[in-house]
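Take a look at the structure below.
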Amino acid sequence: MKKKTIAALLTFVMLTIPAVSVFSYGADPGYANPDEELLTETGEGTGLDAFLPEEADTDYSTGTPWLCSMIDGTVTADTPADPGDDFYLYVNKDKLLSIELTDERPEIGTYADVDDKVTADLESMFTGEPPQSHDARLVYDLYQLASDWETRDALGTAPLKKLTDEIEAISSIDELSDYFTEPVNSEPRIKLWRSSSTIDPTHSDRYILTVNYCLLLRNNSDEYSDPTPSGEAAADSVGELVKYLLVRTGYSEEEALQKIENCLKLEGMLASEIPGRKEREDPDFSASQNQYVTRDELDKIAGAIPVLEELETAQGFPAQEQYLFSCPNYFEKLNELYTEENLPLIRDYLIVHNAFSEAPQLDYESVYRYRHLYDAIYGDTKETDDEYTLSIASAQLNWAVARLYTERYLNQEDKERISGLVDEITEAYHDVLNQADWISDETREKALEKLDAIDRRILFPDSWEEYGYDGLEFKSAEEGGNFYDAYMQIQKYKLEQDVEAFAGPVNNKKWSALPQEVNCFYQPVENAIYIMGAFAQGGMYNSEMSDEELYAKLGMVIGHEISHAFDIRGSQYDRDGNQIDWWTAEDKKEFRRRNDKMIAYYETIHPWEGQDLDGLRLAGEACADLTGMQCILGIVAEKPGFDYDAFFRAYADMWCTKLKPEFMTLYLEDVHPLKYLRINVVVQQFEEFYETYGIREGDNMYLAPEDRIRIW
Ligand SMILES: [Zn+2]
């Protein structure tokens, strides 16, 4: 399992508002669109929330009502496997016993195989002669620079030293404000707040400037008031890395530790005004953030903090009439702390965050430690250096990679065939909405309008016009360049592009997800589904598949993505991608009640004794799985001679996976139900499953009709 795979555990996650330019930490190869609601998934911040340290004596074979059979070692030849008892295990037992984890592949299964294939395909694009076209050449050059450890090691931590020296030289609050507002052309800087352009969540045809609270070393603000042992351990891991980097730049160990302590002290004072993870996971949280202020109002709330000046002089955005701003209390607190007396704490905050943010751009040892920061917590992904440098280079110039990948590995026939499948499933989805007897005609009409307006983005864009890097240049290795400088050039270029795009209307036909991602998405602000080319490969989709397999795999994924438009979070956006409530109060109440029933059911499940699930976190994905199945079963009911056994087996195969227990921490933080639950909980809601396998009351898979879950 590569790092990319781990990020993509979060498969089929609903993308939220894509900030056009959010200054996120480091070069995260996983996600281009930092997601406000799910910070831990996107590489923004440290990515280290409280985690559950693995108990040495955990018995992973104690799950109820099913064995968590995706964990290596839980299944043996003697483990009974019966469809009425545990359908996932029944279908996958032989495969789970026959596939073997290796050091290089700590997770294997249908999805991991596709992911490995795509990684190998991407790597092969960068061997041999350099490509000719401008954009492809750029990404090739960047990859060479990223892999040129000799030059990177010679530069060492000098770029970080330069940044820390600049910060150390700040001797007054006025100088601090000057530092934040230095004119365009300087590098994007870490501040005590964040500001960027984003698609306006309630007017999705325009961009708006948004101002938000700062990043926290501990990611989850709850950890400052209510620290958990696991949160402490996570903070210690980040602290170790930062201490190493600061010592490398010339501080003593004591000085480095003091800086980290000061940083955490300042964050501790700000954290009370920053929403914590629980608050952010509330389905109503996102809508509560859609607050607008005028320029004068923002100026007044910002007080001594040079918010507008930074947007206009440092980033180059024009003055606006309206801004998106949801954290006045945070700025009130920040103003209290923005004093000469606190300057040492503020400087140390900036130094510590710069160290963390710069690590991936520095030399081998810094990068190595940054990459392996997560190992003790999430398991070692065994990603090779080459895979890593390729993912870093690709993430920076991802559309150049997209085009190369598409030209080499995707084709128009598959695009047309899958588009036909999407059309069929979208058509059938009308029945799902029409047959929901609990909503009023008024809400149903809005839901149907939204369904008909969903934009379908299949495998790769129709044209490449909008996805180039015209005008971007940096020195290649032959020209004496280095990775750090190239990386900074790219950041500046992207900021300039954002400023340029900001002036115009939103091009809501432009893709915000990449063909080479082994994933699929629903993007609520675009009201679009994405079925990515790299996902529709191997065991997930191939042109030889039977109908049963096609509907069970890619078909289910398509149904899943459409269902995100109508899940607990996606349903808050209208047909145009505006976060505007289109529900009647009564229908919404019933919708939430149905979700609550589903949430409560997931919370009765324990992957092993003592391990709970957070049903609310899973609600969106669980609804998408269930409703996707409901839609697909509607389609196949019309197919004469349809082989339900083959269908359900293929569905269970899609999420067949086996992994080392240490990866369960990450899986438990994911918004998707565990893979065996994506099978067992879903199938047990449908009569077709009961009929196919003769499931009866008393069987472990049996749910009484009144206990079955149906959202739509
Ligand atoms: Zn999903």
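Counting residues that are touching a residue at least 60 places away in the same chain (Cβ under 8 Å), assigned by TED's automatic domain parsing to the domain that holds Cys631 and among the hydroxyl-bearing types (Ser, Thr, Tyr), which strands (runs of 3 or more DSSP E) fully inside the stretch 455-554 reach at least 1? Reasoning before the result, please.
Values: elements: 455-459, 520-523, 528-532.
So the answer is 520-523, 528-532.
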Give the number of residues within the stretch 202-258 that are under 24 Å from Pro328 (Cβ atoms), open to solvent by 40 Å² or more (accessible area, probe 1.4 Å) and touching a Lys or Arg at 6+ places or on another chain (Cβ under 7 Å). 2
For Pro673, work out the one condition from (1) within 15 Å of the ligand (Cβ to nearest atom); (2) without any contact (Cβ under 8 Å) to a residue 40 or more places away in the chain; (3) not aliphatic (A, V, I, L, M) it doesn't fulfil. (2)
Looking at the stretch 369-393, I want the residues that are under 23 Å from Gly156 (Cα atoms) and have a partner that is of a type in the set (Gly, Ala, Ser) and crowded, with 21+ Cβ neighbours inside 10 Å with Cβ atoms under 6 Å, at least 6 apart or on another chain. Which pairs are those? Tyr370/Ala359; Thr389/Ala146; Ile392/Ala27; Ile392/Ala146; Ala393/Ala146
Can you name every residue in the stretch 293-312 that is touching an Asp or Glu at 6+ places or on another chain (Cβ under 9 Å) and surrounded by fewer than 16 Cβ atoms within 10 Å (Cβ to Cβ)? Thr294, Arg295, Gly303
Answer with yes or no whether Leu448 is touching a Phe, Trp or Tyr at 6+ places or on another chain (Cβ under 8 Å), on the phi < 0 side of the Ramachandran plot and either open to solvent by 60 Å² or more (accessible area, probe 1.4 Å) or at pLDDT 95 or above (or both). no
Condition first: among the charged types (D, E, K, R) and either within 16 Å of the ligand (Cβ to nearest atom) or open to solvent by less than 60 Å² (accessible area, probe 1.4 Å) (or both). Can you find one or more residues in the stretch 467-485 that meet it? no
Among the residues of the stretch 384-443, the number that are within 29 Å of Arg593 (Cβ to Cβ), assigned to a helix (DSSP H, G or I) and not acidic (Asp, Glu) is 10
Would you confirm whether any residue within the stretch 273-290 is on the phi > 0 side of the Ramachandran plot and surrounded by 14 or more Cβ atoms within 10 Å (Cβ to Cβ)? no
Considering (1) modelled with pLDDT under 95; (2) of a type outside the set (Lys, Arg); (3) within 16 Å of the ligand (Cβ to nearest atom), say which one Met654 fails and leave the rest. (1)
Write out, first by first residue and then by second, each pair whose Cβ atoms fall under 9 Å of each other, whose residues are 6+ apart or on separate chains, and whose first residue, in the stretch 606-625, is more than 12 Å from Pro673 (Cα to Cα) and in the same structural domain as Leu668 (by TED's automatic domain parsing) while the second is open to solvent by less than 40 Å² (accessible area, probe 1.4 Å) and part of a helix (DSSP H, G or I). Trp608/Met664; Gln611/Met664; Gln611/Leu668
Say whether the condition of being more than 16 Å from the ligand (Cβ to nearest atom) and under 16 Å from Tyr111 (Cβ atoms) is met by at least one residue in the stretch 683-699. no
In the stretch 568-601, how many are within 16 Å of the ligand (Cβ to nearest atom) and over 30 Å from Met664 (Cα atoms)? 2
Is it the case, given these coordinates, that Leu666 is buried (at least 17 other Cβ atoms within 10 Å of the Cβ), touching a Pro at 6+ places or on another chain (Cβ under 8 Å) and assigned by TED's automatic domain parsing to the domain that holds Glu424? no
Name every residue in the stretch 100-134 that is open to solvent by 30 Å² or more (accessible area, probe 1.4 Å) and in contact with a Gly (Cβ under 7 Å, 6 or more places away or on another chain), in order of residue number. Asp113, Lys117
Top-ranked residue of the stretch 570-601 - restricted to ones that are part of a loop (DSSP other than H, G, I, E, B) and surrounded by fewer than 16 Cβ atoms within 10 Å (Cβ to Cβ), ranked as nearest to the chain's Cα centre (by Cα): Asp581
In the stretch 365-383, how many are outside any helix (DSSP H, G or I) and of a type in the set (Lys, Arg)? 1
Looking at (1) open to solvent by less than 10 Å² (accessible area, probe 1.4 Å); (2) away from the ligand (no atom under 16 Å from the Cβ), find the lone condition where Phe521 falls short. (2)
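Counting only residues that are away from the ligand (no atom under 13 Å from the Cβ) and assigned to a helix (DSSP H, G or I), how many does the stretch 609-628 have?
The number of residues fulfilling the criteria is 2.
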Only listed residue being in a loop (DSSP other than H, G, I, E, B), more than 23 Å from Ile425 (Cα to Cα) and either at pLDDT 95 or above or away from the ligand (no atom under 16 Å from the Cβ) (or both), chosen from Thr665, Thr604: Thr604
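The values are calculated or read from the model by the stated rules, or taken from the named source; none is laboratory data. As the structure is a prediction and not an experimental result, all values here were calculated from the model. Because the Cβ atoms are built from the backbone with ideal geometry, glycine has one as well, and the counts that use them run over all protein chains shown. With ligands, DNA and RNA removed, areas are computed over all heavy atoms of the protein, side chains included. Shrake-Rupley method; radii C 1.70, N 1.55, O 1.52, S 1.80 Å.
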